[in-house]
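**Q** What follows is a single structure, and I will ask about it in a moment.
The values are calculated or read from the model by the stated rules, or taken from the named source; none is laboratory data. Small disclaimer: the values here were computed from a predicted structure and weren't measured. Backbone-built Cβ (ideal geometry, glycine too); neighbour counts: all protein chains shown. Accessible surface is based on the protein model in full, side chains and every heavy atom, while ligands, DNA and RNA are left aside. Shrake-Rupley method; radii C 1.70, N 1.55, O 1.52, S 1.80 Å.
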Amino acid sequence: MALLLRFVFLCGVADFTRSLSITTPDQMIEKAKGETAYLPCKFTLSPEDQGPLDIEWLLSPADNQKVDQVIILYSGDKIYDDYYQDLKGRVHFTSSDLKSGDASINVTNLRLSDIGTYQCKVKKAPGVGNKKIQLTVLVKPSGIRCYVDGSEEIGNDFKLKCEPKEGSLPLQYEWQKLSNSQKLPALWLPDMNSPVISVKNASTEYSGTYSCTVTNRVGSDQCQLHLNVVPPSNRAGTIAGAIVGVLLALVLIGLIVFCCRKKRREEKYEKEVHHDIREDVPPPKSRTSTARSYMGSNHSSLGSMSPSNMEGYSKTQYNQVPSEDFERAPQSPTLPPAKVAAPNLSRMGAVPVMIPAQSKDGSIV
């Protein structure tokens, strides 16, 4: 009887001391970048928990260099979700009635900066409870590139490569042949789960379409390549063509340099000659113009001659034309007396008198 009373007493004390508790266990969650993470936090209340209900979510960043940040809060029947700028607009309670015992949240459009430890705290005096959830954000493999590294010729060695642009480690690779026998060559089997397949002594049997699939814990991606093993090309002709092309290019460059240097020399010579010529020295007169001016002056003088001054000009020889081929003798500074031309008698009304001339034999002309 005493034992029965003791058992009832203990049960009553246990029921009396029961308070708020969070039923969700601690856990780790992995999600892909860009997806939505569901972080559960469910709790139960006891009759003794009569205080106001407060729910708080905290984030401890993975770099451990930042203090815990409040990301969302429920207090006084109101929700506050603008505490943490990096998660503003991306964190929400999943339940519209938090008093029902569900304080779970969703974090949308996950980023790598969202990695960390999330802590759910529920308080309803006198009860208090909290749980932690570790969130890891991974990147799916994407941007896979398949290509051949080397020359696809018979007898050559080359490599088949499969490279993802991004993807969280660890990554798993799987090669498959999609054409012909759909079986990888036996020599390739050790590399079928590697990002690189080394091909030795290639043959036409290796030709075909291949695929490479890259996988990690949150997703996968695939690429394809077409391998076409062909006979070796005429390398000697290719090399000879390349040499000829290089020589032609060198000749062309040499001609351009030669023409440029020649043009510069000509421009330099023209400038030097231009500076040597004196601009104030007039050009020499031609022989024809000199002779014509001399004959014209004598003719004009003869037109005004009278019988009185014919004697001074009778000895003038008209075949003596000045020339520039000889040097003129220096003239005396004493000027000869000027000859006064006879007046024009015809204009003065006088009749000119003709004076007969005597020839060498004595006859009068």
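**Q** Give me the net charge for the shell around Leu73: Cβ to Cβ below 15 angstrom, other residues only, Lys and Arg +1, Asp and Glu -1.
**A** Values: positive: Lys78, Lys88, Lys121, Lys123, Lys124; negative: Asp54, Glu56, Asp68, Asp77, Asp81, Asp82.
Taking every other residue near Leu73 into account, the sum is -1.
**Q** For the range 21-138, compute the orientation-averaged projected area of the C-alpha convex hull (one quarter of its surface), in nm².
**A** Details: hull surface 27.5 nm².
The orientation-averaged projected area of the Cα hull of the range 21-138 comes to 6.9 nm².
**Q** Suppose a student asked you for the relative contact order of the range 99-213, using Cα pairs under 8 Å spaced at least 6 residues apart; what percent would you report? Spell out each step's value before the answer.
**A** On the way: 172 pairs, mean separation 24.8, N = 115.
Relative contact order for the range 99-213 comes out at 22 percent.
**Q** Let me ask something else about it. Dividing the alpha-carbon Rg of the range 142-227 by 2.2 N^0.38 Å yields what?
**A** Working: Rg = 12.8 Å, N = 86, 2.2 N^0.38 = 12.0 Å.
Cα-based Rg divided by the globular estimate yields 1.07.
**Q** Also, I was wondering about something else. So what does Lys268 come to for accessible area, using a 1.4 Å probe and Å² rounded to 10?
**A** 130
**Q** What are the semi-axes of the equivalent ellipsoid for the range 118-168, taken as the square roots of 5 times the Cα gyration tensor eigenvalues, largest first, in whole Å? Intermediate values should be presented prior to the final figure.
**A** Numbers: eigenvalues 639, 12, 3 Å².
Semi-axis lengths for the range 118-168 are 57, 8, 4 Å.
**Q** Summing +1 for each Lys or Arg and -1 for each Asp or Glu, what net charge is found among the other residues whose Cβ lies under 14 Å from the Cβ of Lys99?
**A** Details: positive: Lys42, Lys78, Lys123, Lys124; negative: Asp49, Asp54, Asp77, Asp97, Asp102.
That works out to -1.
**Q** Determine how large the accessible area of Ser207 is when every protein chain is in place; take a 1.4 Å probe and give Å² rounded to the nearest 10.
**A** Taking all protein chains as shown, Ser207 has close to 20 Å².
**Q** By accessible area of protein heavy atoms, probe 1.4 Å, what ranking do Ser46, Ser75 get, highest first?
**A** Details: Ser46 10, Ser75 40 Å².
Listed by decreasing accessible area, they come as Ser75, Ser46.
**Q** Determine the relative contact order of the range 21-138: mean sequence separation of Cα pairs under 8 Å and six or more apart, normalised by residue count, in whole percent.
**A** Relative contact order, the range 21-138: 38 percent.
**Q** Per residue of the range 153-165, in order, report the coupling 6.51 cos²θ - 1.76 cosθ + 1.60 (Karplus, θ = phi - 60°) as ³J(HN,Hα) in whole Hz, putting x for Gly and Pro.
**A** 10, 4, x, 7, 10, 8, 10, 9, 10, 10, 10, x, 5
**Q** Counting only the heavy atoms of the protein chains, how much of Glu166 is accessible to a 1.4 Å probe, in Å² to the nearest 10?
**A** Here the accessible area works out near 90 Å².
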